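So the structure is just underneath, and the comments pick up after that.
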Amino acid sequence: MFMLIVALAAAGLGVYLYRALASEIERRDDIQLLGKLRQVQILLGRPGATALLRQQPEFFRDTMSGQENSLVRFVAGDGSVLADINASGERYPLPPAAGAAPPRAAIADWTSSRG
């Protein structure tokens, strides 16, 4: 009986610690993503940024994520797409416009067609 109680307590503790770690990793990823978004917004606010975006969209992709498999879409204020960095050709929904300092709640979870 004692072994069963210890096993159940260890299993419960393991599940709790796993969920706490996953939650903390997700929280830190969201904070890092918002920081990178602010960095890109500052870059886009500089003179000539639109021309640079059209000529070298990879510069902004690397600034935003540093990962080659990321999906990054830049949309002008009028709704026209300035650059769409999407190596795999994945179709994904257009997120809502980001304000000057979007909150963490503005990050949307999306699953690709490959899962």
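Run down Leu44, Leu52, Leu33, Leu37 and say which single residue is in contact with a Phe, Trp or Tyr (Cβ under 9 Å, 6 or more places away or on another chain) and touching a residue at least 12 places away in the same chain (Cβ under 8 Å).
One residue alone meets the criteria, Leu44.
Among the residues of the range 31-38, is there at least one that is within 18 Å of the chain's Cα centre (by Cα), under 17 Å from Val81 (Cβ atoms) and among the charged types (D, E, K, R)?
So far as the range 31-38 goes, no, none of its residues is within 18 Å of the chain's Cα centre (by Cα), under 17 Å from Val81 (Cβ atoms) and among the charged types (D, E, K, R).
Taking Ile107 as the residue in question, decide whether it is open to solvent by less than 80 Å² (accessible area, probe 1.4 Å), in contact with an Asp or Glu (Cβ under 6 Å, 6 or more places away or on another chain) and modelled with pLDDT under 85. Spell out the reasoning first.
Values: open to solvent by less than 80 Å² (accessible area, probe 1.4 Å): yes; in contact with an Asp or Glu (Cβ under 6 Å, 6 or more places away or on another chain): yes; modelled with pLDDT under 85: yes.
So Ile107 passes the test.
For the range 1-66, list the helices (runs of 4 or more DSSP H) that sit wholly inside it and hold at least 2 residues that are surrounded by 11 or more Cβ atoms within 10 Å (Cβ to Cβ) and at pLDDT 85 or above; which are they?
Helices (runs of 4 or more DSSP H) meeting the threshold: 2-44.
Can you pull out every residue in the range 81-100 that is assigned to a loop (DSSP other than H, G, I, E, B), closer than 20 Å to Ile42 by Cα and either modelled with pLDDT of 75 or more or open to solvent by 70 Å² or more (accessible area, probe 1.4 Å) (or both)?
Hits for the range 81-100 are Pro95, Pro96, Ala97, Ala100.
The values are calculated or read from the model by the stated rules, or taken from the named source; none is laboratory data. Computed from a predicted model, the values in this text were never measured in an experiment. Note that each Cβ is placed from the backbone with ideal geometry, even for glycine, and that neighbours are counted across all protein chains shown. When the accessible area is computed, the model is the full protein with side chains, heavy atoms only, and any ligands, DNA or RNA have been set aside. Shrake-Rupley method; radii C 1.70, N 1.55, O 1.52, S 1.80 Å.
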